[in-house]
Amino acid sequence: MFKTILVPLDGSALAGNILPHVREIARSTHARIVLLRVTPEPINLYPSTGVSPYQRSTPMQDRDATNYLLRSDPTHRAEWIEHEVETAQAYLDAISLDLKQSGAQVTTLTQPGAAAEVILEAIDREGADLIAMSTHGRSGLGRLLLGSVADRVLHLAQVPVFLLRSKNAENEPAMATNVTYKRLLVPIDGSPLASAALPYARELALCTGAEVLLLQVIPAQNDWPYTEQAAFLTGALLRGAKPDDQPNEAAWDLPLKDTFRVKQAELIRETAQNSLDVAAAELTSALKIETMILSGAPARVILDVAKQCCVDCIAMSTHGRSGIDRLLMGSVAEHVVRHSELPVLLVRALKQEREEN
């Protein structure tokens, strides 16, 4: 399933933190690695966007002068492009040599342009079936270049994205750590959308010899204010209901009965266990599989389980949507990526699956 891994790099140690994971996945799956370095475009009309490293350290008026020179002097522009490409290629060659020493098949690419667009084009051109990259895991004004690029790639790419939130210092060696996968965490919510990650988790687990922990998070009983509301929020969501499938407004005012709560809790757990059993059967009997049902806020529970159960990687699906159009697993996946210290394999649900749900 994983035959070609596309690895976008921006020259920083933070971006390079993904490399030990790429090396292990390639070793286990025998996949080809394509290292991609997107060089800055020769003309930067807006200094805050796509600026080369040496331009970032200069005052704005000097950047404008450089832009003018690049636009007006073809010779200078050609020399500038050549310098950027040579620097990028030398950077990729050093990483490629290190990876090849571990037996990996590596190809290098350098291309100018807007980072996200170049990455998306390279997916089709290289036949990549996995993108592996670092994200700075920040939001708003705190985002750096690769953080926003990872967001865009995640929402537009049609292949799984393997993301690692970088937190190490810039001067830490990128390839210093050896990575092994012994346990994978796969959260599901009972819907076909959430199950999209299962085939990829199975492939990774089979190749690495890792065991799989299947987790389903159900709502906490204390969060159910009314009987009909409890039935809708738990049972309907577990069945993959849409947000506009609301019960009758009068139902929200019904009194809460402890007997109903107990029965509903039993039904929810039974439904969740059935979902886990189906997911476990979809994996394979050749894997060691453990199932777990916990209640609470999904993202928080996933992160806690990953830490407490010594998980090496989280594999989950995402709807690939943004804004108010996100459903449960979409927003949960984003929260997990932004706060997890572990790599997260995100599998975007197919378009027809999203439409059916």
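What follows is calculated from the coordinates using simple rules that are stated; it is not laboratory data. Model, not experiment: these values are computed from the prediction. Cβ atoms come from the backbone with ideal geometry, glycine included; neighbour counts cover every protein chain shown.
Structure notes:
- For Gly113, nonlocal amide neighbours, meaning residues 5 or more places apart or on other chains whose placed amide H falls under 5 Å from its own, are Thr39, Glu41.
- Amide H to amide H, with H built 1.01 Å from N, Asp129 comes under 5 Å of Lys3, Thr4, Leu6, counting only residues 5 or more places away or on other chains.
- Under 13 Å, Cβ to Cβ, from Leu287 - net charge with Lys/Arg +1 and Asp/Glu -1: 0
- Here Ser331 and Ala220 are evaluated by their C-beta separation; at R0 = 25 Å the FRET efficiency comes out at 0.90.
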